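Here, each number is a calculation from the coordinates, and none is a lab measurement. None of these values were measured; they are calculated from a predicted model. Note that we place each Cβ from the backbone using ideal geometry, even for glycine, and neighbour counts take in every protein chain shown.
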Amino acid sequence: MHLVTADETARACPSCGTFALRVKGLVRTRPRDLSYGERGLELAWLKRRWYCHEPDCVRKSFTEQVPQIPAGARITARLRRAAALRVRDAGSTVVQAARDLHVSWPTVMSAFRTASREVTDAELPEVEVLGVDELRELGGGGFLGGQAGDGVDGLDGGPAGFAVGAHTSTTGIDHTEH
Ligand SMILES: [Zn+2]
């Protein structure tokens, strides 16, 4: 399948954003994409090189790029993503994902590292935990726990740091369900 660039922003200079007007030449690339159907789809993309005519721009020329295929990339962003998710979410090994998608091991590994950071950098959900110190305050120096005579069976003392089936009358706060 032969591709030509449809995205008009591809001829915007990556350095200064000026839309280039003069073509310097053509570059043929063969970016790899997710396979389509049983047979893989062979892509041939005829990229244009442009002159940047902005006098103050440091970049004299550039090759066009589109979001799915950034400059220098040999595979599409969605193929890269698919490889990463096979390892991160589907439990595939790097070797297996590389074999299945016909990409190299380092490509899968690098994509996986990027995708993993999305998880490790994500904010943890807030968890409300009643800490030991708060329990001490509630219990007036001791841990809350079933004490003899308060009607809770088998909870003598309770495990340290946990309020088990007890409520205190000293603070008036009741943390238990009856
Ligand atoms: Zn420029």
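For this structure, a couple of remarks:
- Verdict on residue 88 being surrounded by 14 or more Cβ atoms within 10 Å (Cβ to Cβ) and either in contact with a Phe, Trp or Tyr (Cβ under 9 Å, 6 or more places away or on another chain) or within 28 Å of residue 119 (Cα to Cα) (or both): yes
- When segment 18-42 is limited to residues that are touching a Cys at 6+ places or on another chain (Cβ under 9 Å) and outside any strand (DSSP E or B), the one that is farthest from the ligand (Cβ to nearest atom) turns out to be 20.
- Given (1) away from the ligand (no atom under 16 Å from the Cβ); (2) closer than 17 Å to residue 7 by Cα, index of the condition residue 72 fails: (2)
- Taken over segment 10-29, the criterion of being touching a strand residue (DSSP E or B) at 6+ places or on another chain (Cβ under 9 Å) and free of Cβ contacts under 8 Å to residues at least 40 places away in the same chain is satisfied by 12, 18, 19, 21, 22, 23, 24, 25, 26, 27, 28.
- Subset tally (residues that are within 16 Å of the ligand (Cβ to nearest atom) and either β-branched (Val, Ile, Thr) or not in a strand (DSSP E or B) (or both)) for segment 43-61: 9
- The single residue among 10, 83 that is away from the ligand (no atom under 14 Å from the Cβ), within 30 Å of residue 117 (Cα to Cα) and part of a helix (DSSP H, G or I) turns out to be 83.
Each row is one residue, and each column tells you yes or no for (1) surrounded by fewer than 11 Cβ atoms within 10 Å (Cβ to Cβ); (2) over 19 Å from residue 26 (Cβ atoms); (3) among the hydrophobic types (A, V, I, L, M, F, W, C).
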site	(1), (2), (3)
44	no, no, yes
60	no, no, no
82	no, yes, yes
95	no, yes, yes
114	no, yes, no
117	yes, yes, no
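- Close pairs (9 angstrom Cβ cut-off, 6 or more residues apart or separate chains): under 21 Å from residue 106 (Cα atoms) in segment 49-74, among the acidic types (Asp, Glu) and surrounded by 15 or more Cβ atoms within 10 Å (Cβ to Cβ) anywhere: 68/33; 69/33; 71/64
- Positions within segment 7-24 being of a type outside the set (Gly, Ala, Ser) and in contact with a Lys or Arg (Cβ under 9 Å, 6 or more places away or on another chain), in sequence order: 11, 13, 14, 16, 19, 21, 23, 24
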